[in-house]
Amino acid sequence: MKFQQIDQFAAGLRKETQAAVYDGSKKGYDARTKTLFDHFEDPNRLRRVAGEIKQHVVENLDTYLPQVEAKLKANGVTVHWAATAEAANQAVLAIMRARGAKKMVKAKTMVSEETELGHFLEKEGIECVETDLGEFIIQIDGDHPSHIVKPIIHKNRREIATSFEKHGLGAYNDDPQTITRRARAHLRNKYLEADVALTGANFISAESGRLVLVTNEGNSRFCLAATKCHIAMVGIEKILPCDRDFALLLNLLARSGTGQQLTVYTEFITGPKSAAQPDGPEEMHVVFVDNGRTDVLASDCRDILRCIRCGACLNVCPVYRQASGHAYRSVYPGPVGAVLSPLLAGKKFPELADLPKASSLCGACNEVCPVNIPIPDLLLRLRNKGKLEKSEAAAAATPPMGGWAVMATQPAAWKFAMMGGKIIDHLPVKLVPVPVFKAWTGSRTLPGWKGGEFRKWMKSRPPAAPNVSRGGPSGPALPEKTP
Amino acid sequence: MNTDREAILSRVRSALAPLPQRAQRPDWEAELVHMRTMRGDVDAWTLFRERLKLVNGLPLEGAAALVDWLDQNGWRHGYCDPELWPRLQAAFPATFTVEAVFDRTRVDDYQFGITRAAGAVAETGSLILTDASTSRRLAALTPWVHIAVVSRGQIHLDLQHAMTALADDPNIVFCTGPSKTADVEGILIEGVHGPGQQVALLLE
């Protein structure tokens with residue numbers, strides 16, 4: 001039997017990488033718990049309300065999208081629409097060409113990872129520099145981010161120092177402070193030389209058209225202080241109904257992502273710079289990107305569009321911690337990625353249909369989600385979809401269930417199997433030379449057989465008293481102990 | 001692009017059409033996001049000062065305290081918003097070089113930049129900068145030290161309140177402590193692209 005792809009990847013992971021991912025994600029989780037639960041009376045209510053707001057937006061995008069478009073135009077922003085990744089990249093290129101611009105600085109945006117904007121622009125002869133420290137390191141390494149918030153969680157300082165040396169950023173030095181100072185010196189020239197800045201958006205208000213950007217490093221602030229043109233690539237689901245909702249979502253975002261109360265730079269952008277301000281963009285564009293989102297909206301997994309990209313579900317996921325982000329073979333790793341990536345893949349869904357199976361359904365991802373997405377439920381729906389579409393990737397490592405189905409639908413056969421199973425207690429299971437068994441028995445002891453005990457218990461149970469309502473606020477109380 | 005607009009909106013409409021009902025917009029009360037650790041027995045500046053220190057920012061009161069601190073650290077070359085300079089000039093000795101014009105071709109010459117804040121948020125220790133208050137965006141960002149001048153009356157108690165009072169300004173920034181990263185092995189390093197020192201200077 002073949003292992004699932006994610007298991008194969010995890011098995012081949014270097015010990016060093018696995019340790020980095022495990023420690024890095026655990027650290028994020030502990031900080032989150034502290035800030036959220038120490039600060040608020042009822043943090044779970046915050047999560048639920050935030051989830052309801054986002055669900056409301058997702059289910060009313062037909063109203064909100066034209067509304068936010070009108071606000072943006074009134075604020076002096078040019079609005080573009082891109083149905084596909086290619087269209088989004090072309091829209092950005094057209095804006096660059098119209099200005100005769102050759103250089104772009106870029107803040108971290110997940111949607112531009114989806115469209116692979118950086119590679120696209122390089123091919124068109126445009127210099128496109130990632131300014132987030134982690135993303136910059138990813139860029140010079142020709143690597144891919146492996147975490148939504150901590151893109152280089154899989155790298156250690158020695159690997160970073162080696163690539164800095166290789167790319168002419170100073171002699172080998174693996175002190176994190178030195179690495180950061182060298183990036184600071186290198187990147188400030190890039191900002192000052194660039195003509196166009198590209199950012200994403202964390203939220204955008206339908207009430208005012210205000211766009212919220214959060215960073216800790218200040219790179220998006222620098223982008224918007226040094227350049228003359230601002231392009232924001234925004235997924236169509238990023239809308240919030242009003243400015244006041246920022247307070248709720250911002251209170252959750254930083255705590256869930258990094259355990260901070262608020263990110264260092266929280267920017268509210270409504271348009272080009274004011275006339276009296278010497279620095280900053282004279283023109284601003286928003287590119288609304290679909291790239292598969294309307295397919296997600298049409299599916300029974302549309303709840304995933306609430307996601308605010310905090311990365312909390314990655315940090316807490318036992319599978320992510322062991323397998324690392326690259327195991328998910330897509331832009332979005334972890335539990336959110338296991339739902340979102342196969343859906344965004346569109347026709348290529350079957351290729352990623354194994355991802356929803358990379359979960360023990362422990363529910364931790366739902367518990368930490370700042371917008372309360374029922375990720376385990378969505379994973380189950382996608383497992384079903386994978387089965388219905390006969391995806392080979394999803395079928396890998398799934399034992400044939402035909403025999404079980406026959407047994408479970410015929411009471412006599414089931415009863416016989418339950419009784420007969422006792423024989424396992426007397427067999428030398430550890431010695432069975434079948435690799436699938438050995439993989440289990442090598443590190444586990446099979447517990448004693450308990451088949452048939454539930455039936456015995458059911459039979460010995462006294463019949464339930466008639467006309468007793470089970471629960472309900474007005475019904476009689478349940479007996480304290482059921483026999 | 002217009003065809004993409006129509007395509008997206010029509011796909012959104014047809015995706016939502018089969019829904020028997022749409023999720024309602026929930027109402028939420030300001031108390032929901034009130035932090036229980038907030039002290040109610042002190043004035044806004046005292047509270048802001050405490051919270052700013054928690055994010056490694058530095059609160060200072062009066063021009064003399066600022067000059068002492070800059071002098072001790074050897075930071076004697078900087079930029080100051082020309083509108084603020086008349087209020088600060090007397091406190092700065094001749095050993096300091098303070099420019100009223102910021103030259104973007106030599107950003108690294110400025111060790112500090114002094115600009116006006118548009119407000120502050122006590123709960124989070126954030127300084128609010130706007131285009132209207134900030135004489136130069138770059139001057140509030142590129143020097144190692146950023147000093148934002150704030151007065152008592154400008155301080156919002158919490159984020160919720162600040163959010164309902166957002167100024168009519170194209171670029172509002174909440175700065176919460178110095179620029180930082182933890183990208184390399186989760187180790188906190190301050191002063192990535194922006195200031196390594198964030199000062200809130202109280203001037204009345």
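Taking 19 Å as the cut-off, the amide N atoms of segment A:169-209 that come nearer than this to a point 7 Å along the Cα-to-beta-carbon line of B:Asp168 belong to A:205-209. Close amide-amide hydrogen proximity is noted between B:Ser126 and B:Val121, each under 5 Å apart and 5 or more residues distant or on a separate chain (H modeled in the peptide plane; Pro and chain starts excluded).
Listed by chain and number, the lysines whose C-alpha is less than 19 Å from the C-alpha of A:Lys73, apart from same-chain residues fewer than 8 away, are A:Lys228, A:Lys238, A:Lys273. Dimensions of segment A:292-420 from C-alpha coordinates, computed as largest minus smallest value along each principal axis and given longest first, are 52, 30, 25 Å. Listed by chain and number, the lysines placed with their C-alpha closer than 17 angstrom to that of A:Lys15 are A:Lys26, A:Lys155; residues fewer than eight positions away on the same chain are left out. Among the listed pairs A:Lys150/A:Lys385; A:Lys34/B:Lys180; A:Lys103/B:Lys180; A:Lys123/A:Lys190, those whose Cα-Cα separation exceeds 27 Å are A:Lys150/A:Lys385.
Taken along its principal axes, the alpha carbon cloud of segment B:1-52 reaches lengths of 56, 31, 12 Å, longest axis first. Rounded to the nearest 500, the helix-only mean residue ellipticity at 222 nm of chain B stands at -6500 deg cm²/dmol, with each DSSP H run of n ≥ 4 adding -39,500 (n - 2.57).
Across peptide A:285-298, the mean count of Cβ atoms from other chains lying within 10 Å of each residue's own Cβ comes to 3. What do you get for the angle between helix A:157-166 and the principal long axis of chain A? Use alpha-carbon atoms, 0 to 90 degrees, nearest ten. The two axes meet at around 40 degrees. As a length-normalised measure over Cα pairs under 8 Å and 6 or more apart, the relative contact order of segment A:307-440 settles at 19 percent. Each of A:Glu267, A:Glu217 has some number of other Cβ atoms within 10 Å of its Cβ, and from fewest to most they run A:Glu267, A:Glu217.
The DSSP beta bridges internal to chain A are antiparallel in roughly 20% of cases.
Scattering from the C-alpha atoms of segment A:215-366 alone, worked out with Debye: what is log10 I(q)/I(0) at q = 0.12, 0.17, 0.21 1/Å? Values returned for q = 0.12, 0.17, 0.21 Å⁻¹ are -0.65, -1.15, -1.38.
Shape verdict for segment B:72-204, please, from the Cα gyration tensor: rounded (a/c under 1.5), prolate (a/b greater than b/c) or oblate. It comes out oblate by the Cα gyration axes. A crude spin-label estimate for the pair A:Arg455 and A:Lys430, with each label 7 Å from Cα along the Cβ direction, gives 3.1 nm. Compared with the alpha-carbon gap, the fully stretched path from A:Arg381 to A:Glu41 is longer by 119.0 nm at 0.36 nm per residue.
Rg of the Cα atoms in chain A, relative to 2.2 N^0.38 Å, amounts to 1.15. Look at the stretch B:35-43: the mean tally of other chain Cβ atoms within 10 Å of its residues' Cβ atoms is 2. Per-residue ellipticity at 222 nm, computed for chain A from helices alone with -39500 (n - 2.57) per DSSP H run of at least four residues, works out to -14500 deg cm²/dmol.
Using a 4.7 Å Cβ-Cβ cutoff, the cysteines of chain A lacking any partner cysteine are A:Cys128, A:Cys223, A:Cys229, A:Cys242, A:Cys301, A:Cys307, A:Cys310, A:Cys317, A:Cys362, A:Cys369. For segment A:367-383, 3J(HN,Hα) computed residue by residue from phi via the Karplus equation (6.51, -1.76, 1.60; θ = phi - 60°) reads 5, 8, 5, x, 10, 6, 6, x, 3, x, 4, 5, 4, 5, 4, 6, 4 Hz, glycine and proline entered as x. A straight Cα-to-Cα reach below 15 Å connects A:Lys415 with the aspartates and glutamates A:Glu453, residues fewer than 8 places away in its own chain not being considered. The overall shape of segment B:146-204, judged from the alpha-carbon gyration tensor, is prolate: a/c is not under 1.5, and a/b is greater than b/c.
Legend: helices of chain B (whole DSSP H runs) are marked when their alpha-carbon atoms reach 20 angstrom or more along the helix axis and their mean Kyte-Doolittle hydropathy is at least -0.5; marked are B:2-16. In plain terms, the residue of A:Ile138, A:Ile148 with the fewest other Cβ atoms within 10 Å comes first and the most crowded comes last, giving A:Ile138, A:Ile148.
Shown for A:Val196, B:Val199, B:Val173: other C-beta atoms within 10 Å of each C-beta, ranked fewest to most, produce the order B:Val199, A:Val196, B:Val173. Relative intensity of segment A:225-276 on a log10 scale, I(q)/I(0) at q = 0.12, 0.15, 0.17 Å⁻¹, equals -0.39, -0.60, -0.76, per a Debye sum over C-alpha point scatterers of equal strength in the absence of solvent.
Taking amide H as placed 1.01 Å from N in the peptide plane, the amide H of B:Leu58 sits under 5 Å from that of B:Gln198, B:Val199, B:Ala200, each at least 5 places away or on another chain. Rg/Rh, computed from the Cα trace of segment A:1-130 with Rh as the Kirkwood radius, has the value 1.09. Once each of the chymotrypsin sites (Phe, Trp or Tyr not before Pro) sitting in a DSSP loop with at most 16 other beta-carbon atoms within 10 Å is removed, chain A keeps A:173-448 as its longest stretch.
Decide, for segment B:1-111, between rounded, prolate and oblate: order the square roots of the alpha carbon gyration tensor eigenvalues as a ≥ b ≥ c, take rounded if a/c falls under 1.5, and otherwise choose prolate if a/b is larger than b/c, else oblate. Note, shape of segment B:1-111 comes out oblate. Given a Förster distance of 41 Å, report the FRET efficiency between A:Ala275 and A:Lys347 from their Cβ-Cβ distance, rounded to the nearest 0.05. That gives a FRET efficiency of 0.25.
Taking the DSSP bridge list for segment B:118-198 and keeping only pairs wholly inside it, about 70 percent are antiparallel.
From the P(r) of segment A:251-339, could you give the percentage of C-alpha pairs in the tail past 20 Å? Counting every Cα pair in segment A:251-339, those more than 20 Å apart make up 58 percent. Among B:Leu60, B:Leu138, B:Leu19, the largest mean-square fluctuation in a Gaussian network model of chain B, built with springs joining Cα atoms closer than 10 Å, belongs to B:Leu19.
Bear in mind that the values in this text are calculations on the coordinates, not laboratory data. Computed from a prediction, not measured in an experiment: that's the story for all the values here. Counting neighbours? That spans all protein chains shown, and the Cβs are built from the backbone with ideal geometry, glycine included.
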